[in-house]
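The block underneath contains the structure these notes are about, expressed in C-alpha coordinates.
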Amino acid sequence: MLKKTYPYYLANQPQQPNADLVVLDKYSGKIATRVAMPDAKATEKAIVAAVKATAPMRAFKPWARQAVLQHCAQRFDERRDELAEALCIEAGKPIKDAAGEVTRLIETFRIAAEEAVRINGETLNLELASRLDGYHGYTKRVPLGPVSFITPFNFPLNLVAHKVAPAIAAGCPFVLKPSEKTPLGALIIGEVLAETDLPKGAFSILTLDGKHAAPLVEDERFKLLSFTGGQIGWALKARAGRKKVVLELGGNAACIVDADQKQHLDRVVERLLFGAFYQSGQSCIGVQRIYAHADVYDALKKKLVAATKKLEAGDPKRKEVFLGPMIDEAAAERLHGWIVEAKQAGGKILCGGRRSGNMLEATLMENVPRDAKANRMEAFGPFALLAPFKKFGDAIALVNDSDYGLQAGVFTDSLDHAMRAWNALEQGGVIVNDIPSFRVDNMPYGGVKLSGLGREGVRYAIEDMTEIRLMVMRET
(Lines give C-alpha, C1' and ligand atoms only; values in the text may rest on other atoms or scores of the structure.)
Protein backbone atom coordinates (compact mmCIF):
# COMPACT_ATOMS: atom_id res chain seq x y z
CA MET A 1 0.00 0.00 0.00
CA LEU A 2 1.19 3.49 -0.81
CA LYS A 3 1.63 6.00 1.99
CA LYS A 4 -0.84 8.88 2.19
CA THR A 5 1.96 11.39 1.67
CA TYR A 6 5.64 11.37 0.66
CA PRO A 7 8.34 13.94 1.49
CA TYR A 8 10.98 15.35 -0.78
CA TYR A 9 14.63 15.13 0.32
CA LEU A 10 16.81 18.13 1.09
CA ALA A 11 20.44 17.54 2.07
CA ASN A 12 19.74 13.87 2.91
CA GLN A 13 16.71 14.70 5.07
CA PRO A 14 12.97 14.23 4.39
CA GLN A 15 10.91 17.42 4.19
CA GLN A 16 7.10 17.55 4.38
CA PRO A 17 6.07 21.23 4.34
CA ASN A 18 2.99 20.48 2.24
CA ALA A 19 1.30 17.81 0.14
CA ASP A 20 0.77 19.90 -2.97
CA LEU A 21 1.78 17.43 -5.69
CA VAL A 22 -0.98 14.97 -6.60
CA VAL A 23 0.11 11.58 -7.98
CA LEU A 24 -2.55 9.76 -9.98
CA ASP A 25 -3.16 6.08 -10.47
CA LYS A 26 -2.57 6.11 -14.22
CA TYR A 27 -5.16 3.40 -14.90
CA SER A 28 -8.06 4.52 -12.72
CA GLY A 29 -7.28 8.22 -12.87
CA LYS A 30 -7.89 8.49 -9.13
CA ILE A 31 -5.58 10.18 -6.65
CA ALA A 32 -3.08 7.58 -5.42
CA THR A 33 -1.08 9.73 -3.01
CA ARG A 34 0.29 13.22 -2.47
CA VAL A 35 3.87 14.45 -2.40
CA ALA A 36 5.54 17.48 -0.86
CA MET A 37 6.85 20.14 -3.24
CA PRO A 38 9.85 22.41 -2.54
CA ASP A 39 9.93 26.15 -3.08
CA ALA A 40 12.73 28.29 -4.51
CA LYS A 41 14.36 28.64 -1.08
CA ALA A 42 14.54 24.87 -0.71
CA THR A 43 16.12 24.55 -4.15
CA GLU A 44 18.79 27.08 -3.22
CA LYS A 45 19.45 25.26 0.06
CA ALA A 46 19.89 22.00 -1.87
CA ILE A 47 22.47 23.57 -4.19
CA VAL A 48 24.36 25.17 -1.28
CA ALA A 49 24.35 21.82 0.53
CA ALA A 50 25.69 20.02 -2.54
CA VAL A 51 28.50 22.57 -2.87
CA LYS A 52 29.41 22.14 0.81
CA ALA A 53 29.36 18.36 0.36
CA THR A 54 31.91 18.47 -2.47
CA ALA A 55 34.97 18.05 -0.27
CA PRO A 56 33.42 15.48 2.11
CA MET A 57 32.19 13.41 -0.85
CA ARG A 58 35.63 13.57 -2.47
CA ALA A 59 37.12 12.36 0.81
CA PHE A 60 34.48 9.62 1.16
CA LYS A 61 36.59 6.57 0.37
CA PRO A 62 35.80 4.19 -2.48
CA TRP A 63 35.08 1.33 -0.06
CA ALA A 64 32.60 3.58 1.77
CA ARG A 65 30.86 4.52 -1.48
CA GLN A 66 30.70 0.84 -2.34
CA ALA A 67 29.16 0.08 1.05
CA VAL A 68 26.44 2.69 0.46
CA LEU A 69 25.59 1.24 -2.94
CA GLN A 70 25.57 -2.32 -1.58
CA HIS A 71 23.24 -1.25 1.23
CA CYS A 72 20.89 0.31 -1.31
CA ALA A 73 20.85 -2.81 -3.48
CA GLN A 74 20.05 -4.95 -0.44
CA ARG A 75 17.26 -2.66 0.76
CA PHE A 76 15.72 -2.42 -2.71
CA ASP A 77 15.71 -6.21 -2.83
CA GLU A 78 13.92 -6.31 0.51
CA ARG A 79 11.37 -3.76 -0.73
CA ARG A 80 10.76 -5.31 -4.15
CA ASP A 81 7.00 -5.63 -3.80
CA GLU A 82 6.58 -2.09 -2.52
CA LEU A 83 8.68 -0.65 -5.34
CA ALA A 84 6.86 -2.68 -8.00
CA GLU A 85 3.45 -1.64 -6.66
CA ALA A 86 4.43 2.04 -6.61
CA LEU A 87 5.72 1.76 -10.18
CA CYS A 88 2.59 -0.03 -11.36
CA ILE A 89 0.36 2.66 -9.88
CA GLU A 90 2.27 5.84 -10.69
CA ALA A 91 3.41 4.84 -14.20
CA GLY A 92 0.66 2.42 -15.22
CA LYS A 93 3.32 -0.20 -15.91
CA PRO A 94 2.04 -3.81 -15.89
CA ILE A 95 3.01 -5.45 -12.63
CA LYS A 96 5.25 -8.08 -14.27
CA ASP A 97 7.20 -5.36 -16.05
CA ALA A 98 7.30 -3.28 -12.88
CA ALA A 99 8.93 -6.19 -11.07
CA GLY A 100 11.45 -6.42 -13.90
CA GLU A 101 12.36 -2.77 -13.54
CA VAL A 102 12.95 -3.26 -9.82
CA THR A 103 15.39 -6.02 -10.71
CA ARG A 104 17.24 -3.66 -13.04
CA LEU A 105 17.33 -1.00 -10.32
CA ILE A 106 19.06 -3.48 -8.03
CA GLU A 107 21.45 -4.59 -10.76
CA THR A 108 22.42 -1.01 -11.59
CA PHE A 109 23.33 -0.28 -7.97
CA ARG A 110 25.28 -3.53 -7.75
CA ILE A 111 27.24 -2.69 -10.90
CA ALA A 112 27.96 0.77 -9.52
CA ALA A 113 29.16 -0.78 -6.25
CA GLU A 114 31.68 -2.83 -8.20
CA GLU A 115 32.84 0.16 -10.23
CA ALA A 116 33.22 2.39 -7.17
CA VAL A 117 36.43 0.59 -6.17
CA ARG A 118 38.03 0.45 -9.61
CA ILE A 119 38.08 4.05 -10.78
CA ASN A 120 41.69 3.87 -11.82
CA GLY A 121 44.28 6.09 -13.42
CA GLU A 122 47.28 5.15 -15.52
CA THR A 123 51.03 5.48 -15.79
CA LEU A 124 52.24 7.45 -18.81
CA ASN A 125 55.53 6.99 -20.60
CA LEU A 126 56.85 10.52 -21.04
CA GLU A 127 60.37 9.53 -22.08
CA LEU A 128 59.69 10.13 -25.76
CA ALA A 129 63.00 11.85 -26.48
CA SER A 130 66.38 12.26 -24.81
CA ARG A 131 65.36 15.67 -23.41
CA LEU A 132 62.58 13.89 -21.44
CA ASP A 133 64.78 11.32 -19.71
CA GLY A 134 63.72 10.92 -16.10
CA TYR A 135 60.18 12.28 -16.52
CA HIS A 136 57.23 10.10 -15.52
CA GLY A 137 53.50 10.80 -15.79
CA TYR A 138 50.60 9.57 -13.68
CA THR A 139 46.86 10.23 -13.84
CA LYS A 140 43.94 9.71 -11.50
CA ARG A 141 40.24 10.47 -11.76
CA VAL A 142 38.67 12.88 -9.30
CA PRO A 143 34.98 13.80 -8.85
CA LEU A 144 33.69 16.78 -10.81
CA GLY A 145 31.73 18.18 -7.88
CA PRO A 146 27.99 18.94 -7.65
CA VAL A 147 25.89 17.52 -10.48
CA SER A 148 22.23 17.88 -11.41
CA PHE A 149 19.85 15.31 -12.86
CA ILE A 150 16.46 15.51 -14.56
CA THR A 151 14.64 12.24 -15.30
CA PRO A 152 11.42 11.35 -17.19
CA PHE A 153 8.30 9.38 -16.31
CA ASN A 154 8.70 6.17 -18.27
CA PHE A 155 11.32 4.36 -16.15
CA PRO A 156 11.00 6.06 -12.75
CA LEU A 157 13.39 3.63 -11.07
CA ASN A 158 16.04 2.61 -13.54
CA LEU A 159 16.57 5.95 -15.26
CA VAL A 160 17.01 7.51 -11.84
CA ALA A 161 19.40 4.69 -10.91
CA HIS A 162 21.52 5.35 -14.00
CA LYS A 163 22.27 8.82 -12.71
CA VAL A 164 22.25 8.41 -8.93
CA ALA A 165 24.30 5.21 -8.59
CA PRO A 166 27.24 6.43 -10.76
CA ALA A 167 27.22 9.77 -8.92
CA ILE A 168 27.67 8.00 -5.60
CA ALA A 169 30.35 5.73 -7.06
CA ALA A 170 32.18 8.75 -8.49
CA GLY A 171 31.89 10.80 -5.30
CA CYS A 172 29.68 13.57 -6.66
CA PRO A 173 26.94 15.24 -4.60
CA PHE A 174 23.76 15.57 -6.64
CA VAL A 175 20.39 17.25 -6.87
CA LEU A 176 17.76 15.21 -8.72
CA LYS A 177 14.44 16.28 -10.21
CA PRO A 178 12.29 13.26 -11.02
CA SER A 179 9.23 13.58 -13.23
CA GLU A 180 6.34 15.13 -11.33
CA LYS A 181 4.12 12.51 -12.99
CA THR A 182 6.08 9.61 -11.42
CA PRO A 183 8.04 10.82 -8.39
CA LEU A 184 7.48 7.90 -6.01
CA GLY A 185 10.27 5.60 -7.17
CA ALA A 186 12.87 8.36 -6.77
CA LEU A 187 11.54 9.24 -3.33
CA ILE A 188 11.74 5.64 -2.14
CA ILE A 189 15.33 5.60 -3.41
CA GLY A 190 15.85 8.76 -1.37
CA GLU A 191 14.38 7.07 1.69
CA VAL A 192 16.94 4.29 1.38
CA LEU A 193 19.82 6.69 0.74
CA ALA A 194 18.85 8.52 3.93
CA GLU A 195 19.61 5.33 5.86
CA THR A 196 23.26 5.48 4.85
CA ASP A 197 26.21 7.48 6.16
CA LEU A 198 26.62 9.60 3.03
CA PRO A 199 28.02 13.02 3.96
CA LYS A 200 25.42 15.70 4.69
CA GLY A 201 24.29 17.36 1.48
CA ALA A 202 25.37 14.45 -0.71
CA PHE A 203 21.90 14.19 -2.19
CA SER A 204 18.68 16.11 -2.59
CA ILE A 205 15.62 14.85 -4.45
CA LEU A 206 13.34 17.75 -5.31
CA THR A 207 9.85 17.19 -6.74
CA LEU A 208 9.90 20.36 -8.82
CA ASP A 209 7.72 21.02 -11.80
CA GLY A 210 9.38 22.04 -15.05
CA LYS A 211 8.78 25.75 -14.49
CA HIS A 212 10.80 25.78 -11.27
CA ALA A 213 13.67 23.52 -12.33
CA ALA A 214 15.71 26.27 -14.03
CA PRO A 215 18.45 26.37 -11.33
CA LEU A 216 19.27 22.71 -12.00
CA VAL A 217 19.99 23.69 -15.60
CA GLU A 218 21.47 27.17 -15.32
CA ASP A 219 23.26 27.40 -12.00
CA GLU A 220 27.02 27.40 -12.59
CA ARG A 221 27.70 25.76 -9.24
CA PHE A 222 26.72 22.51 -10.93
CA LYS A 223 29.54 20.95 -12.95
CA LEU A 224 27.37 18.58 -15.00
CA LEU A 225 23.75 18.33 -16.12
CA SER A 226 22.44 14.92 -17.12
CA PHE A 227 19.00 15.07 -18.73
CA THR A 228 16.81 12.27 -20.06
CA GLY A 229 13.65 13.33 -21.84
CA GLY A 230 12.36 14.95 -25.01
CA GLN A 231 13.76 17.39 -27.54
CA ILE A 232 13.57 20.22 -25.01
CA GLY A 233 16.95 18.88 -23.95
CA TRP A 234 18.66 20.89 -26.70
CA ALA A 235 17.19 24.11 -25.30
CA LEU A 236 18.37 23.10 -21.83
CA LYS A 237 21.86 22.54 -23.21
CA ALA A 238 21.87 26.07 -24.62
CA ARG A 239 21.00 27.40 -21.16
CA ALA A 240 23.47 25.23 -19.26
CA GLY A 241 26.49 27.48 -19.61
CA ARG A 242 29.95 25.98 -19.15
CA LYS A 243 28.98 22.79 -17.37
CA LYS A 244 29.19 19.36 -19.00
CA VAL A 245 25.89 18.21 -20.51
CA VAL A 246 24.74 14.65 -21.19
CA LEU A 247 21.49 14.25 -23.13
CA GLU A 248 19.38 11.18 -23.86
CA LEU A 249 16.52 12.46 -25.99
CA GLY A 250 14.75 9.45 -27.43
CA GLY A 251 14.42 7.96 -30.88
CA ASN A 252 12.20 6.19 -33.37
CA ALA A 253 14.03 2.89 -33.35
CA ALA A 254 14.06 0.63 -36.39
CA CYS A 255 14.55 -3.10 -36.74
CA ILE A 256 15.66 -4.98 -39.87
CA VAL A 257 14.50 -8.56 -40.53
CA ASP A 258 16.77 -10.13 -43.14
CA ALA A 259 15.79 -12.64 -45.83
CA ASP A 260 17.49 -15.53 -44.01
CA GLN A 261 15.08 -15.36 -41.06
CA LYS A 262 12.35 -17.61 -42.51
CA GLN A 263 13.06 -20.35 -40.01
CA HIS A 264 13.26 -17.93 -37.08
CA LEU A 265 10.11 -15.87 -37.56
CA ASP A 266 8.38 -17.07 -34.40
CA ARG A 267 11.33 -15.90 -32.31
CA VAL A 268 11.57 -12.66 -34.27
CA VAL A 269 7.88 -11.94 -33.79
CA GLU A 270 8.11 -12.65 -30.08
CA ARG A 271 10.88 -10.09 -29.71
CA LEU A 272 9.27 -7.49 -32.00
CA LEU A 273 6.04 -7.79 -30.05
CA PHE A 274 7.85 -7.07 -26.82
CA GLY A 275 9.91 -4.25 -28.30
CA ALA A 276 6.94 -2.45 -29.84
CA PHE A 277 4.42 -2.76 -27.03
CA TYR A 278 6.31 -3.24 -23.76
CA GLN A 279 5.63 -0.31 -21.41
CA SER A 280 2.81 0.62 -23.83
CA GLY A 281 5.57 1.59 -26.25
CA GLN A 282 6.78 4.35 -23.91
CA SER A 283 10.44 3.56 -24.31
CA CYS A 284 13.14 5.56 -26.09
CA ILE A 285 14.30 2.37 -27.80
CA GLY A 286 10.86 0.86 -28.40
CA VAL A 287 10.47 -0.74 -31.83
CA GLN A 288 8.70 1.81 -34.05
CA ARG A 289 9.83 0.92 -37.59
CA ILE A 290 10.08 -2.68 -38.84
CA TYR A 291 11.77 -3.30 -42.20
CA ALA A 292 11.44 -6.89 -43.42
CA HIS A 293 12.90 -8.42 -46.57
CA ALA A 294 10.31 -9.03 -49.26
CA ASP A 295 10.89 -12.78 -49.01
CA VAL A 296 9.65 -12.86 -45.40
CA TYR A 297 7.47 -9.74 -45.27
CA ASP A 298 4.03 -11.33 -45.73
CA ALA A 299 4.70 -14.22 -43.36
CA LEU A 300 6.13 -11.90 -40.72
CA LYS A 301 3.21 -9.51 -41.05
CA LYS A 302 0.67 -12.29 -40.66
CA LYS A 303 2.33 -13.69 -37.54
CA LEU A 304 2.93 -10.28 -35.97
CA VAL A 305 -0.64 -9.07 -36.50
CA ALA A 306 -2.05 -12.30 -35.07
CA ALA A 307 0.19 -12.06 -31.99
CA THR A 308 -0.60 -8.38 -31.47
CA LYS A 309 -4.34 -9.04 -31.47
CA LYS A 310 -3.87 -11.53 -28.65
CA LEU A 311 -2.24 -9.03 -26.28
CA GLU A 312 -4.32 -8.43 -23.18
CA ALA A 313 -4.86 -4.81 -22.27
CA GLY A 314 -6.34 -3.35 -19.10
CA ASP A 315 -5.59 -2.85 -15.43
CA PRO A 316 -1.79 -3.13 -15.04
CA LYS A 317 -2.21 -4.58 -11.55
CA ARG A 318 -3.50 -7.82 -13.11
CA LYS A 319 -0.64 -10.23 -13.79
CA GLU A 320 -2.00 -11.35 -17.16
CA VAL A 321 -2.15 -7.80 -18.57
CA PHE A 322 0.59 -6.92 -21.07
CA LEU A 323 -0.62 -3.51 -22.26
CA GLY A 324 -1.44 -0.86 -19.69
CA PRO A 325 -2.34 2.81 -20.05
CA MET A 326 -0.20 5.53 -21.51
CA ILE A 327 1.00 8.11 -19.04
CA ASP A 328 -1.98 10.42 -19.62
CA GLU A 329 -4.79 11.09 -22.06
CA ALA A 330 -2.89 13.87 -23.83
CA ALA A 331 -0.11 11.44 -24.78
CA ALA A 332 -2.60 8.88 -26.09
CA GLU A 333 -4.54 11.55 -27.97
CA ARG A 334 -1.36 12.83 -29.63
CA LEU A 335 -0.31 9.42 -30.96
CA HIS A 336 -3.85 8.52 -31.98
CA GLY A 337 -3.90 11.73 -34.02
CA TRP A 338 -0.72 10.66 -35.79
CA ILE A 339 -2.28 7.29 -36.60
CA VAL A 340 -5.34 8.97 -38.07
CA GLU A 341 -3.15 11.32 -40.10
CA ALA A 342 -1.07 8.42 -41.43
CA LYS A 343 -4.23 6.55 -42.44
CA GLN A 344 -5.61 9.60 -44.23
CA ALA A 345 -2.30 9.89 -46.09
CA GLY A 346 -2.60 6.35 -47.44
CA GLY A 347 -1.39 4.20 -44.55
CA LYS A 348 -3.20 0.97 -43.73
CA ILE A 349 -4.08 -0.05 -40.18
CA LEU A 350 -3.37 -3.77 -39.81
CA CYS A 351 -4.70 -3.97 -36.26
CA GLY A 352 -5.57 -1.65 -33.40
CA GLY A 353 -5.88 2.08 -33.94
CA ARG A 354 -8.59 2.87 -31.41
CA ARG A 355 -8.34 4.92 -28.22
CA SER A 356 -10.33 5.21 -25.00
CA GLY A 357 -8.99 7.83 -22.62
CA ASN A 358 -5.31 7.08 -22.06
CA MET A 359 -5.70 3.49 -23.28
CA LEU A 360 -4.52 3.13 -26.89
CA GLU A 361 -4.76 -0.21 -28.67
CA ALA A 362 -1.57 -1.91 -29.82
CA THR A 363 -1.40 -0.66 -33.40
CA LEU A 364 0.41 -1.93 -36.49
CA MET A 365 0.36 -0.09 -39.83
CA GLU A 366 1.89 -0.45 -43.27
CA ASN A 367 2.21 1.87 -46.28
CA VAL A 368 2.86 4.77 -43.92
CA PRO A 369 4.28 7.70 -45.95
CA ARG A 370 7.92 8.53 -45.27
CA ASP A 371 7.04 12.09 -44.23
CA ALA A 372 4.23 11.11 -41.83
CA LYS A 373 4.71 12.04 -38.16
CA ALA A 374 4.21 8.37 -37.26
CA ASN A 375 7.30 7.63 -39.33
CA ARG A 376 9.50 10.66 -38.79
CA MET A 377 8.91 11.47 -35.12
CA GLU A 378 9.08 9.53 -31.88
CA ALA A 379 5.76 7.71 -31.38
CA PHE A 380 6.45 6.89 -27.73
CA GLY A 381 3.39 4.68 -27.54
CA PRO A 382 2.03 1.27 -28.62
CA PHE A 383 2.61 1.72 -32.33
CA ALA A 384 4.82 0.21 -35.03
CA LEU A 385 4.88 0.34 -38.81
CA LEU A 386 5.99 -2.30 -41.29
CA ALA A 387 7.62 -1.88 -44.71
CA PRO A 388 9.37 -4.30 -47.10
CA PHE A 389 12.82 -4.01 -48.69
CA LYS A 390 14.59 -5.97 -51.45
CA LYS A 391 18.29 -5.29 -50.83
CA PHE A 392 20.06 -5.09 -47.48
CA GLY A 393 21.56 -1.76 -48.48
CA ASP A 394 18.04 -0.43 -48.98
CA ALA A 395 17.18 -1.45 -45.42
CA ILE A 396 20.20 0.41 -44.06
CA ALA A 397 19.14 3.50 -45.99
CA LEU A 398 15.61 3.24 -44.57
CA VAL A 399 16.90 3.02 -41.02
CA ASN A 400 19.22 5.98 -41.55
CA ASP A 401 16.41 8.04 -43.06
CA SER A 402 15.64 9.43 -39.64
CA ASP A 403 16.48 12.45 -37.55
CA TYR A 404 17.14 10.10 -34.63
CA GLY A 405 19.88 7.56 -33.97
CA LEU A 406 19.69 5.83 -30.60
CA GLN A 407 19.69 2.07 -31.26
CA ALA A 408 18.70 -0.25 -34.11
CA GLY A 409 18.09 -3.99 -34.31
CA VAL A 410 19.13 -6.37 -37.08
CA PHE A 411 17.92 -9.97 -37.32
CA THR A 412 20.34 -11.75 -39.65
CA ASP A 413 22.44 -14.91 -39.87
CA SER A 414 24.91 -13.15 -42.17
CA LEU A 415 28.12 -11.95 -40.52
CA ASP A 416 28.68 -9.70 -43.52
CA HIS A 417 25.28 -8.02 -43.03
CA ALA A 418 25.84 -7.69 -39.30
CA MET A 419 29.19 -5.95 -39.89
CA ARG A 420 27.72 -3.75 -42.63
CA ALA A 421 24.98 -2.68 -40.26
CA TRP A 422 27.44 -1.92 -37.48
CA ASN A 423 29.60 0.13 -39.87
CA ALA A 424 26.86 1.93 -41.77
CA LEU A 425 23.94 2.50 -39.40
CA GLU A 426 23.92 5.98 -37.89
CA GLN A 427 23.08 4.79 -34.40
CA GLY A 428 24.57 4.83 -30.93
CA GLY A 429 24.19 1.04 -30.81
CA VAL A 430 23.38 -1.85 -33.16
CA ILE A 431 21.78 -4.95 -31.64
CA VAL A 432 22.26 -8.06 -33.79
CA ASN A 433 19.62 -10.81 -33.62
CA ASP A 434 17.54 -8.91 -31.11
CA ILE A 435 15.45 -5.77 -30.87
CA PRO A 436 16.82 -2.24 -30.37
CA SER A 437 15.02 -2.25 -27.01
CA PHE A 438 17.74 -4.51 -25.57
CA ARG A 439 19.82 -2.86 -22.85
CA VAL A 440 22.13 -4.12 -20.14
CA ASP A 441 23.00 -1.61 -17.46
CA ASN A 442 26.79 -1.76 -17.81
CA MET A 443 26.89 -1.14 -21.55
CA PRO A 444 27.39 2.29 -23.18
CA TYR A 445 23.99 3.72 -24.02
CA GLY A 446 23.21 6.88 -25.94
CA GLY A 447 22.64 8.19 -29.41
CA VAL A 448 23.51 10.53 -32.24
CA LYS A 449 21.57 13.14 -34.22
CA LEU A 450 18.46 14.25 -32.30
CA SER A 451 18.82 11.31 -29.92
CA GLY A 452 21.32 13.24 -27.83
CA LEU A 453 24.97 13.26 -26.87
CA GLY A 454 27.16 11.43 -24.41
CA ARG A 455 26.74 7.92 -23.07
CA GLU A 456 25.06 6.42 -20.04
CA GLY A 457 25.82 3.02 -18.55
CA VAL A 458 27.45 2.93 -15.13
CA ARG A 459 31.14 3.06 -16.05
CA TYR A 460 30.57 5.62 -18.80
CA ALA A 461 28.53 7.86 -16.51
CA ILE A 462 31.29 7.66 -13.89
CA GLU A 463 33.77 8.83 -16.53
CA ASP A 464 31.53 11.83 -17.25
CA MET A 465 31.28 12.65 -13.54
CA THR A 466 35.03 12.54 -12.99
CA GLU A 467 37.93 14.40 -14.54
CA ILE A 468 41.54 13.42 -15.14
CA ARG A 469 44.16 14.91 -12.88
CA LEU A 470 47.77 14.65 -14.06
CA MET A 471 50.98 14.49 -12.06
CA VAL A 472 54.40 14.68 -13.73
CA MET A 473 57.46 13.66 -11.70
CA ARG A 474 61.07 14.24 -12.65
CA GLU A 475 63.81 12.05 -11.25
CA THR A 476 66.34 14.00 -9.22
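The values are calculated or read from the model by the stated rules, or taken from the named source; none is laboratory data. What you see is a predicted model, and the numbers here were worked out from it, not measured in a lab. Every residue, glycine as well, gets a Cβ built from its backbone with ideal geometry; the counts of neighbours run over all protein chains shown. Just so you know, the surface numbers come from the protein's heavy atoms only, side chains and all, with ligands and any DNA or RNA stripped out. Shrake-Rupley method; radii C 1.70, N 1.55, O 1.52, S 1.80 Å.
Here are some notes:
Table: residues versus (1) in contact with a helix residue (DSSP H, G or I) (Cβ under 7 Å, 6 or more places away or on another chain); (2) within 19 Å of Leu87 (Cβ to Cβ); (3) free of Cβ contacts under 8 Å to residues at least 24 places away in the same chain.
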position: Val147; (1), (2), (3): yes, no, no
position: Glu180; (1), (2), (3): no, yes, no
position: Glu191; (1), (2), (3): no, yes, no
position: Ala194; (1), (2), (3): no, no, no
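- Subset of segment 238-251 [touching a Phe, Trp or Tyr at 6+ places or on another chain (Cβ under 8 Å) and either crowded, with 22+ Cβ neighbours inside 10 Å or not in a loop (DSSP other than H, G, I, E, B) (or both)]: Val245, Val246, Leu247, Glu248, Leu249, Gly250, Gly251
- The condition (being touching a Gly at 6+ places or on another chain (Cβ under 6 Å), more than 13 Å from Pro382 (Cα to Cα) and touching a residue at least 12 places away in the same chain (Cβ under 8 Å)) is satisfied by just one residue among Glu361, Glu329: Glu329.
- With respect to being of a type in the set (Ser, Thr, Tyr), under 23 Å from the mean Cα position of the chain (by Cα) and farther than 16 Å from Gly190 by Cβ, Thr54 falls outside the description.
- When the residues of segment 447-472 are filtered to those that are in a loop (DSSP other than H, G, I, E, B) and more than 18 Å from Val410 (Cα to Cα), the one that is farthest from the chain's Cα centre (by Cα) is Met465.
- Residues within segment 253-292 that are assigned to a loop (DSSP other than H, G, I, E, B) and closer than 25 Å to Asp394 by Cβ, tallied: 6
- Within segment 269-284, the residues that satisfy the criterion of being open to solvent by 10 Å² or more (accessible area, probe 1.4 Å), under 15 Å from the mean Cα position of the chain (by Cα) and not polar (S, T, N, Q) are Tyr278, Cys284.
- Top-ranked residue in segment 101-120 [being of a type outside the set (A, V, I, L, M, F, W, C) and surrounded by 15 or more Cβ atoms within 10 Å (Cβ to Cβ); ranked as nearest to Asp464 (Cα to Cα)]: Glu115
- Reported count of residues in segment 301-317, each being open to solvent by less than 50 Å² (accessible area, probe 1.4 Å) and among the acidic types (Asp, Glu), is 1.
- Residue identified as of a type in the set (A, V, I, L, M) and either farther than 30 Å from Gly381 by Cα or in contact with a strand residue (DSSP E or B) (Cβ under 7 Å, 6 or more places away or on another chain) (or both) among Ala86, Ala59, Ala99: Ala59
- Filter result for the condition that a residue is out of contact with any strand residue (DSSP E or B) (no Cβ under 8 Å at 6 or more places or on another chain) and open to solvent by 30 Å² or more (accessible area, probe 1.4 Å), over Met359, Met377: Met377
- Residue selected from segment 388-447 under the condition among the charged types (D, E, K, R), open to solvent by 70 Å² or more (accessible area, probe 1.4 Å) and touching a residue at least 12 places away in the same chain (Cβ under 8 Å), by the criterion nearest to Pro369 (Cα to Cα): Asp403
- Extreme residue, nearest to Ala112 (Cα to Cα), among residues of segment 68-80 that are open to solvent by 10 Å² or more (accessible area, probe 1.4 Å) and either among the hydroxyl-bearing types (Ser, Thr, Tyr) or in contact (Cβ under 8 Å) with a residue 12 or more places away in the chain (or both): Gln70
- Where helices (runs of 4 or more DSSP H) fall entirely within segment 293-378, those with at least 1 residues that are among the small types (Gly, Ala, Ser) and under 19 Å from Lys26 (Cβ atoms) are at 329-344.
- Conditions (1) in a helix (DSSP H, G or I); (2) open to solvent by 20 Å² or more (accessible area, probe 1.4 Å); (3) free of Cβ contacts under 8 Å to residues at least 40 places away in the same chain; (4) not β-branched (Val, Ile, Thr); number of the one not met by Ala84: (2)
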